[in-house]
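The values are calculated or read from the model by the stated rules, or taken from the named source; none is laboratory data. Treat the numbers as computed from the prediction; the structure is a model and nothing was measured. Positions of Cβ are generated from backbone atoms using ideal geometry, with glycine treated the same way; all protein chains shown enter the neighbour counts.
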Amino acid sequence: MKKTLVRIHALAANTFREAIRNKLLYVLLGFSIVMIAAGALLATLSYVEVDEILQDMGMAAIRLFGAGIAIFVGVGLIHGEVERRTIFTILSKPVTRGEFLVGKWAGLTFTVWLQLLLMSLAFAVVSLLSGADLTVRHGLAVGLLGLELMVLVAVATLFSSFTTPMLASFYTFGIWLIGHLSRDLYLLGQQSDSESVSRVASAIYAVLPDFEIFNKTLEAVHGLPIRGHEVGFAMLYAVGYASVTLILASSIFSRRDLK
């Protein structure tokens, strides 16, 4: 187990170094900071709830560009290793394909968390300069967003294990969008008079991630309580869903013909 963790750590560190050299990473990060700053300007156009509008826009920008970094930077990593044939050098060492995938996921997750931290710092600076309050709830909301991005990276790793970067990006982005609507789709399905529609809605909700579990922007911005059991459940959900997704990805990747 210790040797496995050492190998995964080495792969994660290499993935992190590779990811931070990606120019797209800095383009997305730059756009996110511009949007966070632009929220202060747009908020001045309103006479009511100026602080709430500013922080709503800031949190939305962090969520959108955080997802963009997770998807568009992440999906090309495995394909790049295969395309450059460097994966054969890695796998020629005592490294399994499962360890390779988990290492890639861990390195990219750390990269995404680092970008999330930088975006959060920009959000905090803009909020303080604008006179908007910052509380522990904002920190919890950002932390839960980090869990969402961790799961999203696992989903991107899954699709990257068997398809092209373009399709993997498309599929992962679709899952991210549906994941924020899956709870509403489930509730609509349960209200349907058709039993088959209700079953399909339940099946979709059971399989697809519910990313709204991690969305506490409303509570943070409007000063509503974020309960401890909600945070605890979100943590368990993120670890469980990411683990199952990575196990599935490893199973698929282990059967993939890399030639």
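At a glance:
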read-out	value
Residues within the stretch 179-194 that are surrounded by 14 or more Cβ atoms within 10 Å (Cβ to Cβ) and part of a helix (DSSP H, G or I), tallied	6
Cross-chain or 6+ apart pairs with Cβ under 6 Å, the stretch 221-236 first and in contact (Cβ under 8 Å) with a residue 40 or more places away in the chain, then of a type in the set (Val, Ile, Thr) and surrounded by 13 or more Cβ atoms within 10 Å (Cβ to Cβ)	234/213
Residue that is within 22 Å of residue 230 (Cβ to Cβ), crowded, with 22+ Cβ neighbours inside 10 Å, hydrophobic (A, V, I, L, M, F, W, C) and at pLDDT 90 or above, where the choices are 141, 156	141
Pairs, first closer than 24 Å to residue 98 by Cα in the stretch 12-25, second small (Gly, Ala, Ser) and modelled with pLDDT of 80 or more, C-beta under 6 Å, six or more apart	12/103; 12/106; 12/107; 15/107; 16/107
From 239, 197, residue being among the β-branched types (Val, Ile, Thr), surrounded by 12 or more Cβ atoms within 10 Å (Cβ to Cβ), modelled with pLDDT of 80 or more and assigned to a helix (DSSP H, G or I)	239
Qualifying residue in the stretch 214-235 (condition: closer than 19 Å to residue 106 by Cβ, in a helix (DSSP H, G or I), in contact with a Phe, Trp or Tyr (Cβ under 8 Å, 6 or more places away or on another chain) and at pLDDT 95 or above)	no
Odd one out for residue 157 among (1) in a loop (DSSP other than H, G, I, E, B); (2) among the polar types (S, T, N, Q); (3) under 22 Å from the mean Cα position of the chain (by Cα)	(1)
Out of 66, 76, sole residue that is at pLDDT below 75, within 24 Å of residue 155 (Cα to Cα) and surrounded by 18 or more Cβ atoms within 10 Å (Cβ to Cβ)	76
Residue count, the stretch 159-203 (criterion: under 16 Å from residue 73 (Cβ atoms) and either in contact (Cβ under 8 Å) with a residue 40 or more places away in the chain or of a type in the set (Asp, Glu) (or both))	9
Residues satisfying the stated conditions in the stretch 97-138, i.e. loosely packed, with under 14 Cβ neighbours inside 10 Å and without any contact (Cβ under 8 Å) to a residue 24 or more places away in the chain	117, 121, 125, 128, 134, 136
Only listed residue being out of contact with any helix residue (DSSP H, G or I) (no Cβ under 7 Å at 6 or more places or on another chain) and either at positive phi or acidic (Asp, Glu) (or both), chosen from 210, 193	193
Criterion violated by residue 209 - all others in (1) modelled with pLDDT of 90 or more; (2) in a helix (DSSP H, G or I) satisfied	(2)
